[in-house]
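Have a look at the structure below, then the notes.
The values are calculated or read from the model by the stated rules, or taken from the named source; none is laboratory data. All of these numbers come straight from a predicted model, not from anything done at the bench. Using ideal geometry, Cβ is built from the backbone for each residue, glycine included, and neighbour counts are taken over all protein chains shown.
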Amino acid sequence: MQQIRLTRGLTHYELTGPENGPLIVLLHGSTIPAWVWDCQVPALVAAGYRVLRYDQYGKGRSQSPRAIYNRTLYIQQLHDLLNALNLTEPFHLAGFSFGGAFAAQFCLQYPERVRKLILIAPVLNMASRNKLLKYIRMPIVGPLFLGKVVLPRLTDRAAGLWAGSPQSEAYRQQFQSHLQTEGFLRAFRSFLTNNALTDYSETYKALGLEGKTALLIWGNKDQDIPGEDMARIRQWMPGTDYLEIDGIGHGTVLQSPTLVNDKMLAYLAS
């Protein structure tokens, strides 16, 4: 992967695949950075796609600028990255978890830039179910609570996303390194307490009203994203293609890569 300096700081990215292939941009979720797509990139490149993935500000090996970590910041980062790499043609956009909601928001703001939209276990309103946020928001207690209580739970949760993968140990080491990067706690607290994980209902509704459809993938053992959220998104975006993977939790891209890859490729080719 390479680094490029954008408006708010260095961004760690990878652009791979044939230069003349159709571009697909992959957006990671709230906790695991760009390597969450490790199982999808080779399949997409082998099928002839040019693939861009990157670490969002405050995640992975990208910088953690002193900023408000909200939707505006992440939209700006992607917009800046595309411009810096001179990627001006419309592209396919896929997002996992928070990245799914982020992808929907980007598509709503820049509909002319997005060809096909892929949402994998996308967030609808995660903040409404997170009872820990009231403690994280406290001025003095919040940072301590985040470091002592939330981060250990975060590590356990992340391990569940790659459970069963032959790369589990490598992923564990990468994740621990990610948590220890400079500015991570400050950035992550801002991410949790601003609007990144709040209600995206109006975003999905607006996309539906504009006639935008998507591919929606979800595992029916997902403990982070409930099935009723997927039902609402499908209702708001009629015509959306849907794949429900039996027995798989939130870590669909890592735990069921063959099904995810086959469905993504079929949807993109349709």
Go through (1) in a loop (DSSP other than H, G, I, E, B); (2) under 19 Å from Thr16 (Cα atoms) for Tyr57 and report which single condition fails. (2)
The range 59-94, residues that are surrounded by 21 or more Cβ atoms within 10 Å (Cβ to Cβ) and either under 13 Å from the mean Cα position of the chain (by Cα) or of a type in the set (D, E, K, R) (or both): Lys59, Gly60, Tyr74, Leu78, Leu93, Ala94
What is the number of the single condition among (1) outside any helix (DSSP H, G or I); (2) of a type in the set (Val, Ile, Thr); (3) at pLDDT 95 or above that Thr258 does not meet? (1)
What is the one condition in (1) under 22 Å from Ser270 (Cα atoms); (2) surrounded by fewer than 22 Cβ atoms within 10 Å (Cβ to Cβ); (3) β-branched (Val, Ile, Thr); (4) in contact with a Lys or Arg (Cβ under 9 Å, 6 or more places away or on another chain) that Val45 does not satisfy? (4)
Lys134 passes all but one of (1) in a helix (DSSP H, G or I); (2) surrounded by 15 or more Cβ atoms within 10 Å (Cβ to Cβ); (3) not hydroxyl-bearing (Ser, Thr, Tyr); which number fails? (2)
Candidate set: the range 2-33, residues that are part of a loop (DSSP other than H, G, I, E, B) and in contact with a strand residue (DSSP E or B) (Cβ under 7 Å, 6 or more places away or on another chain); chosen: the one surrounded by the most Cβ atoms within 10 Å (Cβ to Cβ): Gly29
Pull out all pairs, ordered by first then second residue, where Cβ-Cβ is under 6 Å, the residues are six or more apart or on different chains, the first lies in the range 161-176 and is under 12 Å from Pro257 (Cα atoms), and the second is modelled with pLDDT under 90 and polar (S, T, N, Q). Trp162/Ser168
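Would you point out which residue out of Asp156, Asp229, Asp222 is in contact with a Leu (Cβ under 9 Å, 6 or more places away or on another chain) and acidic (Asp, Glu)?
Going through Asp156, Asp229, Asp222 in turn, the sole match is Asp229.
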For residues that are closer than 11 Å to Leu216 by Cα and either in a loop (DSSP other than H, G, I, E, B) or of a type in the set (Phe, Trp, Tyr) (or both), tally how many sit in the range 242-255. 1
Anything in the range 83-99 that is touching a residue at least 12 places away in the same chain (Cβ under 8 Å), of a type outside the set (Gly, Ala, Ser) and assigned to a loop (DSSP other than H, G, I, E, B)? List them, or say none. Leu85, Leu87, Glu89, Pro90
Selection status of Arg71, more than 17 Å from Leu197 (Cα to Cα) and modelled with pLDDT of 95 or more: no
Subset of the range 148-187 [farther than 19 Å from His28 by Cα and either at pLDDT below 85 or of a type in the set (A, V, I, L, M, F, W, C) (or both)]: Val149, Val150, Gly164, Pro166
Filter the range 188-246 down to residues that are basic (Lys, Arg) and touching a Pro at 6+ places or on another chain (Cβ under 9 Å) and give me whichever is farthest from Ser256 (Cα to Cα). Arg189
If a residue has to be acidic (Asp, Glu) and touching a residue at least 60 places away in the same chain (Cβ under 8 Å) to count, how many in the range 33-82 make the cut? 2
